[in-house]
Amino acid sequence: MGNIIINDLWSFLKPEIFIAGGIFIILLADLVIRDNRKAIHFTALIILIAAFASALLQMGTESFIFYLGKGNNHGLLAVDPMSTFIKLITIFSTILIVIFTITSEEFKGSKFKSGEFYTLLFGMLLGMLLLSSGADLIIIYVSLELLSLSSYVLAGFIAGSNRSSEASLKYVIYGATSSGIMLFGISILYGLTGTTNLYAIHTILVSPHVNYLTLGLSILMIFIGIGFKISAVPFHFWTPDVYEGSPLPVTAYLSVASKAAGFALLIRFIKVGFISSVGTNGFWNFYENFDWQLFLIILSIASMTVGNLTALWQNNVKRMLAYSSIAHAGYMLLAIAVLSEKGMLAFLVYIAIYMFMNLGAFYAVMLVANKKGNEEISSFAGLGYKNPYLAFGLSIFLISLTGIPPTGGFIGKLYLFIALLDGDMYWPALIALLNTVISLYYYVRIIKEMYLTKALDDTTIETSKTELTFMFALVAPILVFGIYFTPLVNFCTNFVRILGF
Amino acid sequence: MNSIPIEYYLILSAFMFSIGVTGVLIRRNAIVVFMSIELMLNSANLTLVAFSSYLGNPIGQVFVFFVMTVAAAEAAVGLAIIIAIFRNKLTVNIDEINIFKW
C-alpha cells in the first residue's frame, strides 16, 4: 500500500497527466509556431479530447492515490465516480471554451497571445481536476490556488482594457482574501484533529473530545473559501463585476467549470468530513451536535433570492447572466442541502444541463457582442428579424435557464424538486418555485427585446454557418434531454458514489 | 527547559490575522491590501507550525512550505495585475477603480 506505483498513477491520473503534459506542449508550440494561431487552437483541442476520452475510460474506478507516509491508508487524492463526473464536466466545458475562443472577436487582435491563454486555461483545468478528487487539505488548498491564480490572470487577459483589468484586480483581492480566511480555518482544523486528510478527520471527529465551538469556527472559515468559488450569497460580491469585465469566453468558463469544481469540493468536504453514515433510504446522517443542513439551506435560499431579484434590473446581459448564475448556484446548493443520494443525483443532472444551457447562452450573447461591441440589452433589439436563427437559439437557452418544459432546464428543476419533496423540505421547495417564477421575468425580457422591440439602428448581425452550427449543437442536447431524459439520468446515477460511502 | 505554551503562539497568530483582515477592509491602496493578505497567510503559517510542533506531527510544517510557495505566486500575480491597472488608470487606489457598480 505504502508505495507509489507508476502503473497506478497511469491508470487513475490519466486526465491530469494529459493536461499537465499539455501545458508544456502548448508552451513549446507557442515558441515554435507562434504565428500559426490555428495550429495552437488545434493542439489544445487534441489534448483536451484525449483527456476527455481518458476520463471516460476511468469511469467506475475507485481508489486512493498518493499515500502520505507509511502505514497510512488514506491517500491524498481520491478517484471516485463523483470526481470522474466533475472531471468530465470540466474537460468538456473546456473543449467548448476553446471553440468560443476561436470565434471570439475580443481575441482576434494581434495582442492576443493564444499560447499563453491556453497555458493558463490548462493550468485552471488542472486545478479543477485535482480539486474534484482532492482528499487532503494540502492538495485542496494548492489546487484551489492553482485554479484561482490562473483565473485571476485570465480575467484580465485583454491588455489595455480598463474593464478587464478592473475585473482582474477585484477578483484577485476578493479571491486572495477569501482563500486567506479559508487557510486560517484549515490551520485551526489541523490543530484540532492533527491531520490534514479529510478521511482521517472523519474518524477523529467521531470522538467527543473535539471542541465544537472552535470546530464550527474553522468550518465556517473554510466555507468562506468554498462559497467564494461557487459564488453563493453572501460571498458573491465579486461575481457580477468579474463576469462583466472579463472576456466572454473566460466569463462562460468561470460560470460553469470553476463552479462545478467548487461544488465537487463542497460535496466531498461535507460528505467525507461530517457525515457519519448513509442511511438505507439514501439520507446522509450528520454527527450529533453538528447539523449544518439549516446553514446550507439558508445559504442556498439567500443565493437564489438575491441573484434573481438583483438580475431584474440589470441592463447588461452579461451582468444579468452573472446574477442568474448566482441564482443557479443557489438551486444546486439546495440540491446538495437535501443531504441524500437523491439530492446528489439532482445536483449531477442539474449541473450537466446547466453546462449546456449556460455556455450556450453565453455563446449566443458573444455572437451578438462580436458584432455590436457591447452586451447591453438594447443591442438585442430586433434580433428576431435581423438574425432569426441566432434569436431562436438564444430563446431556447433562456427558456431552459428558466426551467420551462420541453427543455433540459425543466428536467434539472424537476429532479431538484423531487429530491426536495423526498426530503420533506416543503418550504425551501416553495421558495425555489417562487424564485423560478421571478427569474422568468428577466429571461423573458431579453426574448421580448429580440422579438417585440424595433431595432434602433440598421446594423446587421451576421453569423457564419460554422458559428450557427456550433450553437445548434448546444441547442440540440437541451431539447433532446428535455423530452428524452432517461439516458442522462441513468448516466448520472452511475456517478453518485463517493469513495468510502 | 520550559518552552513557550502553545496559547501564546495562537494568540499572536489570531492577532496577526485580525490585523490582516482589518487592513484588507480599511486600507485603500491596492499594494497595502496585498500586504495585509500576506499577513493573513503568514498568521495561518504560524498556527500550522505551532500546532505541528505541539502535536509532534510534521504535516503542518510540510503544509507551510506549500503555503509559502503559493503566497509567492499570489504576490507575483497580484503585483502584475496592479501594474496592468496602473498603466490603464494611473492609480492604485481601489476607491477610484469603480467602473462596475451594482
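The values are calculated or read from the model by the stated rules, or taken from the named source; none is laboratory data. As the structure is a prediction and not an experimental result, all values here were calculated from the model. All Cβ positions, glycine included, derive from the backbone under ideal geometry; neighbour counts span all protein chains shown.
Miscellaneous remarks
- Taking every residue in the range B:64-86 that is more than 15 Å from residue A:147 (Cα to Cα) and pairing it with any residue that is surrounded by fewer than 15 Cβ atoms within 10 Å (Cβ to Cβ), at least 6 positions away or on another chain, the pairs with Cβ-Cβ distances below 8 Å are B:79/B:31; B:82/B:31; B:84/A:159.
- Residue in the range B:14-21 that is more than 10 Å from every other protein chain (Cβ to nearest Cβ), farther than 15 Å from residue A:176 by Cβ, out of contact with any strand residue (DSSP E or B) (no Cβ under 6 Å at 6 or more places or on another chain) and among the polar types (S, T, N, Q) present: yes
- Flag if residue B:99 is crowded, with 19+ Cβ neighbours inside 10 Å and not small (Gly, Ala, Ser): no
- Selection from the range A:162-204 of residues that are farther than 30 Å from residue A:247 by Cα, assigned to a helix (DSSP H, G or I) and either out of contact with any helix residue (DSSP H, G or I) (no Cβ under 7 Å at 6 or more places or on another chain) or of a type in the set (D, E, K, R) (or both): A:200, A:203
- Single unsatisfied condition, residue A:7 versus (1) at pLDDT below 90; (2) surrounded by 15 or more Cβ atoms within 10 Å (Cβ to Cβ); (3) within 26 Å of residue A:495 (Cα to Cα): (2)
- Some residue of the range A:454-464 being in a helix (DSSP H, G or I) and closer than 23 Å to residue A:357 by Cα: no
- Within the option set A:366, A:332, being buried (at least 20 other Cβ atoms within 10 Å of the Cβ), closer than 30 Å to residue A:462 by Cβ and of a type in the set (A, V, I, L, M) holds for one residue only, A:366.
- Just one of (1) under 27 Å from residue A:498 (Cα atoms); (2) at the interface with another protein chain (Cβ under 8 Å from one of its Cβ atoms); (3) buried (at least 24 other Cβ atoms within 10 Å of the Cβ) fails for residue A:194. It is (3).
Here is a yes/no grid of residues against (1) buried (at least 19 other Cβ atoms within 10 Å of the Cβ); (2) touching a Gly at 6+ places or on another chain (Cβ under 9 Å); (3) within 30 Å of residue A:201 (Cα to Cα):
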position	(1), (2), (3)
A:253	yes, no, no
A:284	yes, yes, yes
A:299	yes, yes, yes
A:341	yes, yes, yes
A:352	yes, yes, no
A:362	yes, no, no
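- Set side by side, the residues A:108, A:113 differ, and just one is closer than 20 Å to residue A:30 by Cα and free of Cβ contacts under 8 Å to residues at least 12 places away in the same chain, which is A:108.
- Tabulated pairs, the range A:486-497, first among the polar types (S, T, N, Q), second part of a helix (DSSP H, G or I), C-beta under 8 angstrom, 6+ apart or interchain: A:493/A:345; A:494/A:81
- The range B:67-76, subset surrounded by fewer than 20 Cβ atoms within 10 Å (Cβ to Cβ) and of a type in the set (A, V, I, L, M), residue nearest to the other protein chains (Cβ to nearest Cβ): B:73
- A single member of A:135, A:167, A:159, A:155 is within 25 Å of residue B:95 (Cβ to Cβ), out of contact with any Ser or Thr (no Cβ under 6 Å at 6 or more places or on another chain) and small (Gly, Ala, Ser), and it is A:159.
- Where a residue in the range A:367-388 is closer than 17 Å to residue A:252 by Cα and its partner, wherever it lies, is assigned to a helix (DSSP H, G or I) and β-branched (Val, Ile, Thr), with Cβ under 6 Å and at least six apart: A:375/A:317; A:375/A:365
- Of all residues in the range A:383-401 being of a type in the set (Ser, Thr, Tyr) and surrounded by fewer than 23 Cβ atoms within 10 Å (Cβ to Cβ), the one that is nearest to residue A:356 (Cα to Cα): A:395
- Checking each residue in the range A:222-271 for being over 10 Å from the mean Cα position of the chain (by Cα) and basic (Lys, Arg) picks out A:268, A:271.
- Residue match in the range A:241-252 (condition: in a loop (DSSP other than H, G, I, E, B) and either within 14 Å of chain B (Cβ to nearest Cβ) or touching a helix residue (DSSP H, G or I) at 6+ places or on another chain (Cβ under 9 Å) (or both)): yes
- The number of residues in the range A:107-159 being away from chain B (no Cβ under 12 Å) and not hydrophobic (A, V, I, L, M, F, W, C) comes to 13.
- Meets criteria (of a type in the set (Ser, Thr, Tyr), under 25 Å from residue A:78 (Cα atoms) and either surrounded by fewer than 22 Cβ atoms within 10 Å (Cβ to Cβ) or touching a helix residue (DSSP H, G or I) at 6+ places or on another chain (Cβ under 9 Å) (or both)) for residue A:276: yes
- So residue A:181, is it closer than 24 Å to residue A:129 by Cα, out of contact with any Phe, Trp or Tyr (no Cβ under 8 Å at 6 or more places or on another chain), of a type outside the set (Phe, Trp, Tyr) and within 13 Å of another protein chain (Cβ to nearest Cβ): yes
- Of the residues making up the range A:210-240, those that are assigned to a loop (DSSP other than H, G, I, E, B) and touching a residue at least 60 places away in the same chain (Cβ under 8 Å) are A:231, A:232, A:233, A:234, A:236, A:237.
- Yes/no for residue A:429 being among the aliphatic types (A, V, I, L, M) and buried (at least 21 other Cβ atoms within 10 Å of the Cβ): no
- When each of B:49, B:32, B:64, B:92 is tested for being touching a strand residue (DSSP E or B) at 6+ places or on another chain (Cβ under 7 Å), more than 7 Å from chain A (Cβ to nearest Cβ) and either surrounded by 13 or more Cβ atoms within 10 Å (Cβ to Cβ) or modelled with pLDDT of 95 or more (or both), the lone residue that passes is B:92.
- Across the range A:262-283, not a single residue is classified as under 30 Å from residue A:450 (Cα atoms), part of a helix (DSSP H, G or I) and among the β-branched types (Val, Ile, Thr).
- Among the conditions (1) over 23 Å from residue A:356 (Cβ atoms); (2) modelled with pLDDT of 85 or more, residue A:81 misses just one, which is (1).
- Meets criteria (closer than 19 Å to residue B:39 by Cα, touching a Gly at 6+ places or on another chain (Cβ under 8 Å), charged (D, E, K, R) and within 10 Å of chain B (Cβ to nearest Cβ)) for residue A:166: no
- If the condition is being in a loop (DSSP other than H, G, I, E, B) and either buried (at least 20 other Cβ atoms within 10 Å of the Cβ) or touching a His at 6+ places or on another chain (Cβ under 8 Å) (or both), then the range A:69-95 contributes A:74, A:80.
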